[in-house]
Amino acid sequence: MTYEFDAHTAVHDNGDGTYAADLDPGWVVGGGVNGGYLLAVIGTALRASFPAKPDPLAVSAYYLSAGTPGPAEVAVDVRREGGSVGTASVELRQDGVTRIAALATYGDLDRLGDDVRTTAEELDLPPVEECVANTLSPKEILEMAPMMGRFDMRFHPDHVGWAVGQPNGRGEIAAWFRLADGREPDPVSLLMVVDALPPVTFSLGMMGWAPTLELTAHVRAKPAPGWLKVRHATRNLAGGMFEEDCEVWDSAGRLVAQSRQLARQPRPV
């Protein structure tokens, strides 16, 4: 069985350090293709470039222009391939225009050991059946973000007031998350998950597309099968920009991914 996510992030090796991709229109949000999806396309090309080091450990991406559905090229320049990690610079381009420029470090998460010491507290969400499904989002949100159809998200009941014009002002949105067709999470898909929820500024009453300027993702472990818990939060909006911090917890209660991005405050669409 070929899952939707795998088909939409597939790349073809051109044999010269570049990979051909076809960006699917189902991942559009606001004025462009979702940044997390684009990061996963890049992540798939990097995985092909490091066959002995298949997992993203750290990816830092700068978003230079909005991606559009259709053909794209991912150019990978391997800078170092050591014993345990490999590092590459990478660009995603369309029609000669660079959409994303990134640096990434890849490795093998199975070889990193089991020593975990953390003060992080697992995200607390009500049971899935008590949370609010993304399919109940306002019509205008679903039209602005076709990519919502790619997911099954169940939002914390206290974090969905924005959908009815009553944002809670906390700068936080949390939800259960899984892909709509049942594909289980893996390290590359986590690059998409960290940018999958609506912009956290929705909880501040600021609706609309929020273009990402920079996003850094750290993948900390291979996720266990099942639902993920995802939380976006912000503490500061200034100069027309805000930071969005993300945590992703797996069904085994492990913190499997973290990210921070800097984005522009929402623009009407």
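The values are calculated or read from the model by the stated rules, or taken from the named source; none is laboratory data. This one's a predicted model, so the numbers in the text were calculated from it and none came from an experiment. Here the Cβ positions follow ideal geometry from the backbone for every residue, glycine too, while neighbour counts run over all protein chains shown. Side chains are part of the model used for accessible areas, which takes the heavy atoms of the whole protein and leaves out ligands, DNA and RNA. Shrake-Rupley method; radii C 1.70, N 1.55, O 1.52, S 1.80 Å.
At a glance:
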quantity: Where Pro25 falls short, out of the listed (1) touching a helix residue (DSSP H, G or I) at 6+ places or on another chain (Cβ under 9 Å); (2) over 27 Å from Arg178 (Cβ atoms); calculated: (2)
quantity: Residue list for the stretch 78-102, filter: open to solvent by 60 Å² or more (accessible area, probe 1.4 Å) and either farther than 14 Å from Leu38 by Cα or part of a loop (DSSP other than H, G, I, E, B) (or both); calculated: Val78, Arg79, Arg80, Glu81, Gly83, Ser84, Asp95, Gly96, Val97
quantity: Hits in the stretch 85-129 - residues which are of a type in the set (Val, Ile, Thr) and farther than 22 Å from Thr18 by Cβ; calculated: Val85, Val116, Thr118, Thr119, Val128
quantity: Checking Arg47 against (1) within 15 Å of Leu191 (Cβ to Cβ); (2) open to solvent by less than 60 Å² (accessible area, probe 1.4 Å); (3) modelled with pLDDT of 95 or more, the condition it does not meet; calculated: (2)
quantity: Verdict on Ala75 being in a helix (DSSP H, G or I) and either surrounded by 15 or more Cβ atoms within 10 Å (Cβ to Cβ) or touching a Ser or Thr at 6+ places or on another chain (Cβ under 8 Å) (or both); calculated: no
quantity: Output for the stretch 184-234, where each listed residue is hydrophobic (A, V, I, L, M, F, W, C) and open to solvent by 30 Å² or more (accessible area, probe 1.4 Å); calculated: Leu204, Met206, Met207, Trp209, Leu213, Trp227
quantity: Filter pass, Thr216 being farther than 30 Å from Asp108 by Cα, not in a loop (DSSP other than H, G, I, E, B) and not hydrophobic (A, V, I, L, M, F, W, C); calculated: no
quantity: Boolean, Leu142 is part of a helix (DSSP H, G or I) and either closer than 24 Å to Ala45 by Cα or open to solvent by less than 10 Å² (accessible area, probe 1.4 Å) (or both); calculated: no
quantity: Filter result (over 18 Å from Leu57 (Cβ atoms), in a loop (DSSP other than H, G, I, E, B) and among the β-branched types (Val, Ile, Thr)) within the stretch 113-130; calculated: Thr119
quantity: Subset of the stretch 3-26 that is in contact with a Phe, Trp or Tyr (Cβ under 9 Å, 6 or more places away or on another chain) and open to solvent by 70 Å² or more (accessible area, probe 1.4 Å) - its residue that is farthest from Pro146 (Cα to Cα); calculated: Asp13
